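In what follows, a single structure is set out as structure tokens and then discussed.
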Amino acid sequence: MLYSLFRKALAVFILIPLLSTRVIAADTTSYIQVLNVATRHLDTILVAKYHLEAPNWHPNGYLIVNSYGKLYTLNLASKQLARLNTGFAEECNNDHGLSPDKKWLAISHNNRADTSSKPYHSAIYILPVGGGVPRPVTNQTPSYWHGWSTDGKTLAYCAERNGNYDIYTIGVTGGAEKRMTSAEGLDDGPEYSPDGKYIYFNSYRTGHMQIWRMKTDGSEPEQLTFDENSNWFAHPSPDNKHIVFIAYITDEKQSHLFGKQVKLRLMDLRTKEIKDLTDVFFGGQGTINVPSWSSDSKKLAFVSYRVN
């Protein structure tokens, strides 16, 4: 499938010698930005003349980002990047995130030991948030992490099995995975609500990419957005009052490519009212793939780009 060629972008720099990825690697400027949700005030934390993606926000005052298969911490005060020790996992893509207690980090890493004939071999691992040797969780590929249950016991992820990308869950110690969706087309970006009631996700089941949610057992799927944008990656705020998501302003079908015109939007979960958080900017894949709220629900971290 065409969209699978562009999924989970940083892995492609290593694995797929496409011309477009070489252009990104050579010519991209990344802007890591922090947005005050109430005031819409925007701070640029770091400008880097290379590709950075997918910030997670740790309450101890730093972000975790990926770049060319490796993970880094970005100190919000000093604005300094430092390599995060991920052991053998040096082909990480932009699907990574923190456990509810902020002590552990889930990553998606290309498993070169996987012998399947599939073109992508991403598997999910867990390691201490300060760095260490990753422990494998999934034994089937490709699997791309996106969510951690409120009790810390379960991971939610997007995975391709039998030719279709659906949402699955698995215990943090591994074992049998549970299929949560079965609709035709891509289901992606699963993330648990802080109250433990829902999994938010984006789905192409209607023929247009929109935001959905379902109960954590996979029941009662509910469509939340109905507009002309292609909407991806719904992230609930820690106070459970809002979700933020990225909207491609053109119909991108089942793709979430880099280098598109996008904006961030905010939904009030009580009223279902949606507002723009940003003007349209150059972004897409890598902008806000993973949870990036501050712990007080007041700010968001994301990445915008320029290609020279």
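The values are calculated or read from the model by the stated rules, or taken from the named source; none is laboratory data. Every value quoted in this text rests on a predicted model; they were computed, and no experiment measured them. Counting neighbours? That spans all protein chains shown, and the Cβs are built from the backbone with ideal geometry, glycine included.
Per-structure values
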| quantity | calculated |
| --- | --- |
| Test result for Phe281, in contact with a Ser or Thr (Cβ under 8 Å, 6 or more places away or on another chain), closer than 26 Å to Ser67 by Cβ and in contact (Cβ under 8 Å) with a residue 12 or more places away in the chain | yes |
| Selection status of Thr29, farther than 18 Å from Leu105 by Cα, at pLDDT below 95 and of a type in the set (Ser, Thr, Tyr) | no |
| Pick from region 72-99, criterion within 14 Å of the chain's Cα centre (by Cα) and part of a strand (DSSP E or B), ranking: farthest from His121 (Cα to Cα) | Leu98 |
| Scope region 110-129; condition assigned to a loop (DSSP other than H, G, I, E, B), touching a residue at least 40 places away in the same chain (Cβ under 8 Å) and over 10 Å from Pro142 (Cα atoms); matching residues | Val129 |
| Output for region 264-308, where each listed residue is of a type in the set (Lys, Arg) and either modelled with pLDDT under 95 or within 19 Å of the chain's Cα centre (by Cα) (or both) | Arg265, Lys299 |
| Any hit, region 130-151, residues being in contact with a Ser or Thr (Cβ under 6 Å, 6 or more places away or on another chain), among the acidic types (Asp, Glu) and part of a loop (DSSP other than H, G, I, E, B) | no |
| Some residue of region 152-160 being buried (at least 19 other Cβ atoms within 10 Å of the Cβ), over 15 Å from the mean Cα position of the chain (by Cα) and not charged (D, E, K, R) | no |
| Per-region count, region 77-109, residues acidic (Asp, Glu), touching a residue at least 24 places away in the same chain (Cβ under 8 Å) and within 13 Å of Ser67 (Cα to Cα) | 2 |
| Set Ile170, Ile199: member being in contact with a Pro (Cβ under 9 Å, 6 or more places away or on another chain) and farther than 20 Å from Gly284 by Cβ | Ile199 |
| Within region 163-178, tally of residues that are assigned to a strand (DSSP E or B) and surrounded by 15 or more Cβ atoms within 10 Å (Cβ to Cβ) | 7 |
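Conditions tested, residue by residue: (1) of a type in the set (A, V, I, L, M); (2) in a strand (DSSP E or B).
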{"position": "Ile211", "(1), (2)": "yes, yes"}
{"position": "Glu228", "(1), (2)": "no, no"}
{"position": "Trp232", "(1), (2)": "no, yes"}
{"position": "Arg270", "(1), (2)": "no, no"}
{"position": "Thr287", "(1), (2)": "no, no"}
{"position": "Ser297", "(1), (2)": "no, no"}
